[in-house]
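The values are calculated or read from the model by the stated rules, or taken from the named source; none is laboratory data. From a predicted model like this one, the values you see are computed outputs, not experimental measurements. Cβ placement follows ideal geometry from the backbone for every residue including glycine, while neighbour counts extend to all protein chains displayed. Surface areas here come from the heavy atoms of the whole protein model, side chains and all, with no ligands, DNA or RNA. Shrake-Rupley method; radii C 1.70, N 1.55, O 1.52, S 1.80 Å.
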Amino acid sequence: MQEKRYDFEVAVIGAGPAGLAAAIAARRQGAKKVIIIERDTAPGGILQQCIHAGFGLSYFQKELTGPEYAGRFIKQAKEEGVELLLDSMVLNIEEDGTILCSNPGKGLVYVRAGAVVLAMGCRERTRFNLRIPGTRPAGVYTAGAAQRLINRQNEMVGKKVVILGSGDIGMIMARRMTLEGAKVEAVVEIMDYLAGLTRNKVQCLDDFDIPLLLGHTVTRITGEYRVEGVWIAQVDEHRRPDLSTERFIACDTLLLSVGLLPENELTRAAGIRMSAATNGPMINQYMQTSRADIFACGNVVHVNDLADNVSAESELAGRSAARYVLEGFPKRNREIPCTAGSGIRYVCPQMLSVREEEDADCKEDQGDGRKIEGCGTITGDREEIRLYFRVKAPGAKTTLTAWCGGRVIAERTVRRVNPGEMEHIDIHAEILTGAEDTEITVEAREVG
Amino acid sequence: MREQEIICTICPAGCHIQVSGQGQDIKSIEGYSCPRGKEYAENEFLCPVRTLTTTVKVDGAEEPLLAVRTAKPIPKSKLFECMDIIRKERFRVPIEQYQVLIKDLAGTGIDLIACSERKGDPYDI
Ligand SMILES: Cc1cc2nc3c(=O)[nH]c(=O)nc-3n(C[C@H](O)[C@H](O)[C@H](O)COP(=O)(O)OP(=O)(O)OC[C@H]3O[C@@H](n4cnc5c(N)ncnc54)[C@H](O)[C@@H]3O)c2cc1C
Ligand code: SF4
């Protein structure tokens, strides 16, 4: 079989909202040859199956469905001359930035790129990840797989349904299955709070009187060929099921909506430093990974609940990748870690890159009090660096604080927090001037 | 008197708003934090509406289904009636984005429109 070789300035892996936004931004930043490599037969990523509305409220100030939201980026990518290689699964990223992928028509394809953007999204946790006991009948699906079957492939998955997990996908599927004529017996959630967005509880469960059972879990699955029912029980404070409360719900289908895992086989194989908290690559404020020529964005970095956030951070990744190829910036320099303080699960970016005093292109204070590139400053892509994070538990009015070397560098009070809704805090790059051997910590404190 | 607690879904703050009234008459409304929330709670109390999103069968395209939605929100009480109508329909390519597929869906005065176009080019959505 003949090998195909192509040369590009920026190559993006994955044509979901993250990859599309990154590729468009790379072109607008001046990169001439930009390609997206996608394993699916159409661009759009997971949004092709997210036919519900709820996208674009912050990015376009307009509520769009998933296909409409993705469609806007697909159109822009086309207009900007981004090339698209579909039906092509990336298998490996070599040390010199060559991407190896396989395509049914072309065979093995090598794409050599000056900078690579990882935008592979995530996959769902399965029954195996949860270790639910019982038989192994047909009728157990992850919610996203069921969503794809129903919304793209015209295959209905069941008639009487129990959903485990109150994440957004689970709730959206509860409504979808109900509208398609199925009966959703319950949505079962092990935590004592909702995992997804409140608006989804209102519009997907309450609207259809679907019971939400908090503090419960599925203890067993029964059925020989097809699911015949599940046993559920309350859990104690350590989230262990209390078997004295076990009861049976007859159903033919169990949907699992129990979390997503960033899809990082390629990242690990490329030897990129990973975060144990997010299961994604560690990145700095330019969305740059520990390998200077590889950038990452979207769900591959951390699981996002809003596609709008994905688009914004992916543009940054695309711009950075183009700048890396065109200007050799950002270089990797000394790094300040950003860590999760009390009440916080993780912070992203995990590190901020600082330019050293000795930098050749260091320019001194310009007299207006603002330092520009170099001089031990952190030079964000914008003046403000946005730290994204998740809290550990829901709370009422909460103060979110970013500390650096014993100083408060940013603070914000929000009316309520929820682990299902990503929070952010903006820090001014200049504040960190001269920050040495220190770290930035984000903390959440409930104030009543 | 009818009393209802409405969770505002306009923004992530998710204010709990208490509304009480009778028929088309609102007596009291409390717990909102901004005018948009107040308006939302009023509408939700008097006539809750939702945008219906679903799929229709399409012939002649690579994929068998096309995402569709109502052009505007429709009364919540009409959701299932609309689904019954939509389920029976079949369409053929080419379909433009935002093309009207069903006019005046279930007498709501609101049309069912295509969320994406369907042609042959794989770069098209
Ligand atoms: C069911 C569901 C409902 C959601 N609802 C909302 C909502 O209402 N509002 C909202 O704002 N957000 C919502 N989100 C979140 C939002 O959709 C995601 O955050 C966003 O789609 C993530 O974009 P992405 O590009 O990172 O990943 P994806 O969209 O998953 O795209 C990743 C792409 O990479 C490709 N890929 C992966 N590995 C390879 C490889 N090795 N080679 C080639 N290609 C590869 C995949 O095929 C895929 O196309 C929802 C998400 C889900 C799953
Ligand atoms: S009332 Fe205003 S602040 Fe409260 S949830 Fe609604 S829109 Fe948001």
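Condition check: touching an Asp or Glu at 6+ places or on another chain (Cβ under 8 Å), over 21 Å from A:Gly54 (Cα atoms) and within 12 Å of another protein chain (Cβ to nearest Cβ). Does B:Lys76 satisfy that? When the stated conditions are applied, B:Lys76 does not pass them. Among the conditions (1) without any contact (Cβ under 8 Å) to a residue 12 or more places away in the chain; (2) open to solvent by less than 40 Å² (accessible area, probe 1.4 Å); (3) away from ligand 2 (no atom under 11 Å from the Cβ), B:Asp25 misses just one, which is (2). Here A:Val310 passes the criteria (1) at pLDDT 90 or above; (2) outside any strand (DSSP E or B); (3) over 15 Å from the mean Cα position of the chain (by Cα); (4) under 30 Å from A:Asn92 (Cα atoms) except the one numbered (3). Residue check: A:Gln234 meets all listed conditions (1) closer than 25 Å to A:Leu47 by Cβ; (2) in contact with a helix residue (DSSP H, G or I) (Cβ under 6 Å, 6 or more places away or on another chain); (3) among the polar types (S, T, N, Q) but one, namely (1). Tell me whether the stretch A:140-161 contains one or more residues that are touching a Cys at 6+ places or on another chain (Cβ under 9 Å) and charged (D, E, K, R). Checked against the condition, which is being touching a Cys at 6+ places or on another chain (Cβ under 9 Å) and charged (D, E, K, R), the stretch A:140-161 yields at least one hit.
Of note, A:Leu47 does not satisfy the criterion of being without any contact (Cβ under 8 Å) to a residue 12 or more places away in the chain and either out of contact with any strand residue (DSSP E or B) (no Cβ under 7 Å at 6 or more places or on another chain) or assigned by TED's automatic domain parsing to the domain that holds A:Gly298 (or both). Of the residues making up the stretch B:1-44, those that are outside any strand (DSSP E or B) and either within 14 Å of chain A (Cβ to nearest Cβ) or within 16 Å of ligand 1 (Cβ to nearest atom) (or both) number 18. Can you tell me which residue in the stretch B:1-21 is nearest to ligand 2 (Cβ to nearest atom), limited to those that are open to solvent by 40 Å² or more (accessible area, probe 1.4 Å) and more than 28 Å from B:Ala106 (Cβ to Cβ)? Selected residue: B:Cys11. Remark: pairs (first residue in the stretch A:8-28, surrounded by fewer than 24 Cβ atoms within 10 Å (Cβ to Cβ); second residue basic (Lys, Arg) and part of a helix (DSSP H, G or I); Cβ separation under 8 Å; 6+ apart in sequence or on different chains) = A:Arg28/A:Arg319. Counting only residues that are in contact with an Asp or Glu (Cβ under 6 Å, 6 or more places away or on another chain), within 14 Å of B:Pro64 (Cβ to Cβ) and not in a strand (DSSP E or B), the stretch B:85-103 holds 0 of them. You will find that of A:Ala276, A:Ala182, A:Ala195, the residue that is among the small types (Gly, Ala, Ser) and loosely packed, with under 14 Cβ neighbours inside 10 Å is A:Ala276 and no other. Identify all residues within the stretch B:46-60 that are closer than 22 Å to A:Glu63 by Cα and either open to solvent by less than 40 Å² (accessible area, probe 1.4 Å) or facing chain A (nearest Cβ under 9 Å) (or both); write none if there are none. B:Pro48, B:Arg50, B:Thr51, B:Leu52, B:Thr53, B:Thr54, B:Thr55, B:Val56 - these are the residues of the stretch B:46-60 that are closer than 22 Å to A:Glu63 by Cα and either open to solvent by less than 40 Å² (accessible area, probe 1.4 Å) or facing chain A (nearest Cβ under 9 Å) (or both).
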